[in-house]
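Read through the structure below, which is laid out as structure tokens, and then see the notes.
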Amino acid sequence: MPQESVSKKSILWQDLIEYFILIIGILLTFLISTYSYLLFHSIAEVISIVISGGIFFIGWNSRKYMNNSFFLIVGTSFLFISVIDLLHTLSYSGMNIFLDYDANLPTQLWIVARYWQSLSYLLASLAINKKVNASYLMSSSIIIISILFYTIFTGLFPTCFVEDVGLTPFKIISEYVMESILFASIIIIHKFRKEFNKKIFSLIIFSISATMVSELAFTFYVSVFDFSNLIGHILKIIAFFFIYKAIIEIGIMNPFGLLLRKLKLSDDSLRLKADDLERAYSEFNQIFNASLPLRIISKDCEIIRVNQTYTDLFHLPEEKIIGMKCYDPALSPLGHLCDTELCSMKQIENGKDYYEYELTTKLDTGIEIVSIVQSVPYRNTNGEFLGIIQNFTNITDRSKFEVAMKKSEERYRKLVEDSLEGIWVIDDETNTTFVNQSMASMFGYEIDEMIGANLYEFMDEDGKKIAETNFERRRQGIEEDHEFEFIHKSGKKVFTTMKASPIFDEDGNFEGAMAFVTDITNQKIAQEKIADMARFPLENPNPILRISKKYVLLANIASQNLFKIGEGSRIPDVLTTLVNDAFSRNKNIEMELKIKGRIYNLFIVPIKGKEYANIYGMDITARKELEEDLGRFVSTVSHELRTPVSVLTMSIEFLENHSDKITPEIEKKLREGISRNIYLLKDLIEDILTLSRIDEGKVRMQWNEYQPSLILTDILTLMEPIGNLKNITFRVEISDDIKLYGDSKKVDQIFRIFIDNAMKYSNDKNTIEIKAIDHYEGKYNPNAKDGVLFQFEDNGIGISNKDISLIFQRFFRSDQVSDIPGTGLGLPIAKELIELHNGEVYVESEYGKGTIFYVFFPRIEKEIYTNYP
């Protein structure tokens, strides 16, 4: 045989061995992930780091002999990639090395490493047939990696991952950017493909393509332990292996040839596993095709498999049944319950693990067959619901033999049809006699490790007490479904649902128990997360946030608008100090904060054992303003009370201490002063009580027909003496024909307030005009109702523009009238009383020239308010 042929054959065998080792290594790494994802991640990254070191060593040492700088750039870049990947591995969740950082740190390091890798491919492809200075390349790489590490560990680098939320838009977009860079590199390398031999070119393209698929996988995970994360790491190993092979092919001796060979399994072991799988599949087919009539129905009600005993029982050929719907009219002789709530598919989909009913089938031959139809879930290896498996037990002739067969078939059904779930059998001393692979994997053991182990070894002390009680119930022949908490080999909790049944021999002696076990750990965790989210008041109008020590985890709309933040944002600067204080002291903190002209009361509440805190905010601006109004009211009332009380006190003391000096004239003046101030106090108290009754809805309206001209005449008669003191003239234009329906006493109070204000704030020798316009139509009647507009006009001091919008607020008094007695309650009372009549009030004023108040009263039908309170 020619030497060249032998050499090629030798190289081919060498390649096949290396690929075989790669496959075995990947399989072993994948199996490790089922035991501990953290261990899998560490091994996968260490393999990548070791390969990266080999790539650098070969690429760097080949620089003296090659004009093509492609492998120099790629090799150098993999040195720095290995450094970044090492830090990524050490900082990964669960390693507990970088304690002050969360899962965002390893994600940031990962994205930096992958950017470095993709850009190095692009730069290397552009440097084909070019000479690059190795020293400049190394020194610039050191500077760049130092800057990147500084930005990551100081918090300047963009956030890539948020706990309980997942990948940030920056991380996902970066993956697609890197995809584009890698694709561009492939295009450029393809352009220079003649510079590489065919095998090297193929290896490079395979490596970059595997990297692209790997990066695509990393765009989907929410948790750092997700399946897509696992696939991404396996593809990363494959990508590194191909570029390593490409560099080896340039002719440099491979110093790391034993790296993956250490993972090699023997051919006998591999064949043994293949034989086991084939034997298991053969046994399944033998059992399925046994005498028990079975059929499998997909979740869209299509019959996808039946066995021979089923077709024999119902005298139907298999080719007619397969592919048809179970409720198809062509199969009507078989009978079904698909259109009722007793449908097996509906019962199983609604959560039942087992369902049976009795079915009567009348064949074309006239023979009637009575069957017990027993249904169980049909799931794949991931536990996903695919449909149901049904067993038809013919009970037409209830012979002892058939009963015995039914029991035997039932046991086989439990062992085979539910085999995708965990199956656990124990003897009467609670020692394990059988577990399937699903059961062993659920707890992190091999089957041999569990056989012979006692049931109570897989639970804590509290669980043991519950299990002892449950086992006694099995002895009593009780079957039941329940949830139970076990302990994984690693020490973590495993939440399960169990369908437990006792086992008795033919003589009725208790032999042990059997259980079908389903791992619901992920469901429990998801339920806790959903419940946690449900408890978070996203639609609360007050600002509410959930924060870690650095980032915002959740924020409702009110808090997003207030602090200009989103989920994954850094904590607002205004809260940083207080949040740090709350976490360090693990104590609730309360504070007041003024933001955008509003005042908020914030409660920072660290949640024990959750590594986050909730911040509950409440807008207390109105309360603060009310407190200020109350303080101003107390001050005003105190001031208003002081004068009449002082006058009363002085007058009474004078009467008591100087009775010998009091003349009839002095006594008359004292009594008038006392009377006047008593009435002043009475009016003040009445104003406060009036507003209180209005607020509490206790004002009772006495509805009657009244004549506004008469009410005004009575008021002016009483106020004329006061007006004469200031030489005030009243000009009234109100027709006696105008009549309205309302509470005349309340209308009297309204008119009195406006007239009193006009007199109080007018100068001497002033004129006050009072007019009424019947059937008024204009801007002060926006709803175009039939009614009367009353106009109160004075030529007094007027109201400034800044005060005019505040005059109807309670207790408001302008600084310009602080020397004039008043409580600031008159106009608010008037406005409330006007609104009780469905009326409206408007004001126009020019400071220094006078004011006009417009009061519009609509006409009210008498019948509407006859019994109105």
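The values are calculated or read from the model by the stated rules, or taken from the named source; none is laboratory data. All values reported here derive from a predicted model rather than from experimental measurement. Because the Cβ atoms are built from the backbone with ideal geometry, glycine has one as well, and the counts that use them run over all protein chains shown. Calculation scope for accessible area: heavy atoms of the full protein, side chains included, ligands and nucleic acids excluded. Shrake-Rupley method; radii C 1.70, N 1.55, O 1.52, S 1.80 Å.
Assorted remarks:
- Think of the stretch 152-208 as having a plus end and a minus end, set by charges on the Cβ of Lys, Arg, Asp and Glu; of PHE157, PHE170, ILE204, ILE204 sits farthest toward the positive end of this dipole.
- Accessible area per residue, Å², the stretch 66-121 with all protein chains present, probe 1.4 Å: 30
- Percent accessible area from carbon and sulfur atoms, the stretch 46-178, protein chains only, probe 1.4 Å: 69
- The stretch 696-805 - percent of accessible surface contributed by carbon and sulfur, probe 1.4 Å: 46
- Estimated from the Cβ-Cβ distance and a Förster radius of 60 angstrom, the FRET efficiency linking ILE852 and TYR101 is about 0.30.
- Calculated accessible area for the stretch 153-212 comes out at 50 Å² per residue, all protein chains present (probe 1.4 Å; ligands, DNA, RNA ignored).
- Local electrostatic count, ILE321, Cβ distance below 14 Å [Lys/Arg +1, Asp/Glu -1]: -1
- Computed extension length for THR649-GLU777: 40.7 nm, one decimal, from 0.36 nm per residue of separation with the Cα-Cα distance subtracted.
- Between amide H atoms placed 1.01 Å from N, distances below 5 Å from THR767 occur with THR729, ASN795, all of them 5 or more places distant or on a separate chain.
- Two-site FRET efficiency, ILE188 against LEU28, from Cβ-Cβ distance with R₀ of 30 Å, rounded to 0.05: 0.25
- With a simple spin-label model that places each label point 7 Å from the Cα along the Cα-to-Cβ direction, the separation between THR767 and THR621 comes to 4.6 nm.
- Alpha carbon convex hull of the stretch 38-191, projected area averaged over orientations, nm²: 9.6
- Accessible solvent surface per residue of the stretch 703-802, calculated while the other protein chains remain in place, 1.4 angstrom probe, Å²: 52
- Listed residue pairs exceeding 26 Å between alpha carbons, taken from LYS745/LYS785; LYS171/LYS191; LYS236/LYS489; LYS465/LYS492: LYS171/LYS191; LYS236/LYS489
- Local electrostatic count at GLU665 - Lys and Arg +1, Asp and Glu -1, tallied over other residues with Cβ under 14 Å: +2
- Rounded to 5, percent antiparallel among DSSP beta bridges of the stretch 663-821: 65
- 30 Å Cα-Cα threshold exceeded, pairs from LYS499/LYS608; LYS739/LYS802; LYS524/LYS608; LYS596/LYS746; LYS771/LYS849; LYS596/LYS779: LYS499/LYS608; LYS739/LYS802; LYS596/LYS746; LYS596/LYS779
- Other residues with beta-carbon under 10 Å from the beta-carbon of GLY383 carry, at +1 per Lys or Arg and -1 per Asp or Glu, a net charge of -2.
- The stretch 730-868: proportion of alpha-carbon pairs further apart than 22 angstrom, %: 38
- Compared with the direct C-alpha span, the chain from ASP736 to TYR842 gains 35.7 nm at full extension, assuming 0.36 nm per residue.
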